[in-house]
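**Q** Before anything else, here's the structure in question.
The values are calculated or read from the model by the stated rules, or taken from the named source; none is laboratory data. In this text, all values refer to a predicted model and were calculated from it rather than measured experimentally. When we count neighbours, we look across all protein chains shown, and the Cβ atoms used for this are built from the backbone with ideal geometry, even at glycine.
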Amino acid sequence: MKDVHVVVGVLAITLNALAALFGGWCWWRAQPSPWFWRVLRAGQIMVIVEVALGGVLRLTGHKTSGLHVLYGVLPLLVAILAEQLRAATAQMVLDSKGFESNEEVGELAPEEQRGLVTAILQREIGVMALSAVVVVVLLARAAATAG
């Protein structure tokens, strides 16, 4: 079981690192990609599986340091908080551009609407790519504190 935990941990770090790098590239180019979201979600799933496996190991008597547990659980919390921030992104962009309602956006010319959508997607990608960076750092610390 411990070997599975290690393999899933390596997968979680790898997928989140890929999401961070690819997301950074998509953010830089202001060009969204469905592949970024697929890799990011796969990394998030691996984090959930990793936390679940760690919990099972802990419950079955495997002893680990408190730091390992902390660094192992924090990535899950970071992902949840990042999703909350991502969900608020559209409203933040609309507020920054001075729009008070969605109806005002509907009155814009199509090219202006596309520009606004691109700005929202770029910010969402940026938020999630940064969260993937934090997740990688925390998982690497968890691996370093494993006993």
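**Q** Please go through segment 12-41 and give me each residue that is among the polar types (S, T, N, Q) and more than 12 Å from the chain's Cα centre (by Cα), ordered by number. Spell out the reasoning first.
**A** Filtering segment 12-41 down to residues among the polar types (S, T, N, Q) leaves 14, 16, 31, 33.
The answer is Thr14, Gln31, Ser33.
**Q** Could we say that Val136 is within 30 Å of Tyr71 (Cα to Cα) and either of a type outside the set (Lys, Arg) or touching a residue at least 12 places away in the same chain (Cβ under 8 Å) (or both) here? Don't jump to the end; show me each part of the working.
**A** On the way: within 30 Å of Tyr71 (Cα to Cα): yes; either of a type outside the set (Lys, Arg) or touching a residue at least 12 places away in the same chain (Cβ under 8 Å) (or both): yes.
Yes, satisfied.
**Q** Can you tell me which residue is nearest to the chain's Cα centre (by Cα) among those in segment 78-128 that are farther than 25 Å from Val47 by Cβ and hydroxyl-bearing (Ser, Thr, Tyr)?
**A** By that ranking, first place goes to Thr118.
**Q** Determine if segment 134-141 includes at least one residue that is farther than 15 Å from Ala20 by Cα and in a helix (DSSP H, G or I).
**A** The answer is yes; a qualifying residue exists.
**Q** Right, here's the next one. Do we find that Ser65 is in contact with a helix residue (DSSP H, G or I) (Cβ under 9 Å, 6 or more places away or on another chain) and small (Gly, Ala, Ser) in this structure?
**A** no
**Q** Still on this structure, I have one more. Quick one: which residue in Arg141, Arg123, Arg114 is touching a residue at least 40 places away in the same chain (Cβ under 8 Å), out of contact with any strand residue (DSSP E or B) (no Cβ under 6 Å at 6 or more places or on another chain) and basic (Lys, Arg)?
**A** Arg141
**Q** Among the residues in segment 97-110, are any modelled with pLDDT under 95 and either within 28 Å of Thr14 (Cα to Cα) or aromatic (Phe, Trp, Tyr) (or both)?
**A** Scanning segment 97-110 turns up at least one residue that is modelled with pLDDT under 95 and either within 28 Å of Thr14 (Cα to Cα) or aromatic (Phe, Trp, Tyr) (or both).
**Q** Answer yes or no: is there a residue in segment 33-40 that is over 17 Å from Val6 (Cα atoms) and among the basic types (Lys, Arg).
**A** Initial filter on segment 33-40 (over 17 Å from Val6 (Cα atoms)): 33-40.
Among the residues that remain, those that are also among the basic types (Lys, Arg) are: 38.
Yes, there is a match, as at least one residue in segment 33-40 is over 17 Å from Val6 (Cα atoms) and among the basic types (Lys, Arg).
**Q** For segment 98-110, give me each residue that is of a type outside the set (D, E, K, R) and either within 30 Å of Lys2 (Cα to Cα) or in a helix (DSSP H, G or I) (or both).
**A** Residues satisfying the conditions are Asn102, Val105, Gly106, Pro110.
Residues are listed down the side, and each one gets a yes or a no for (1) of a type in the set (A, V, I, L, M); (2) closer than 20 Å to Val10 by Cα; (3) surrounded by fewer than 18 Cβ atoms within 10 Å (Cβ to Cβ); (4) modelled with pLDDT of 95 or more:
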| site | (1), (2), (3), (4) |
| --- | --- |
| Val39 | yes, yes, no, yes |
| Ile48 | yes, yes, yes, yes |
| Thr64 | no, yes, yes, no |
| Leu74 | yes, yes, no, yes |
| Val78 | yes, yes, no, yes |
| Leu116 | yes, no, yes, no |
| Ala132 | yes, yes, no, yes |
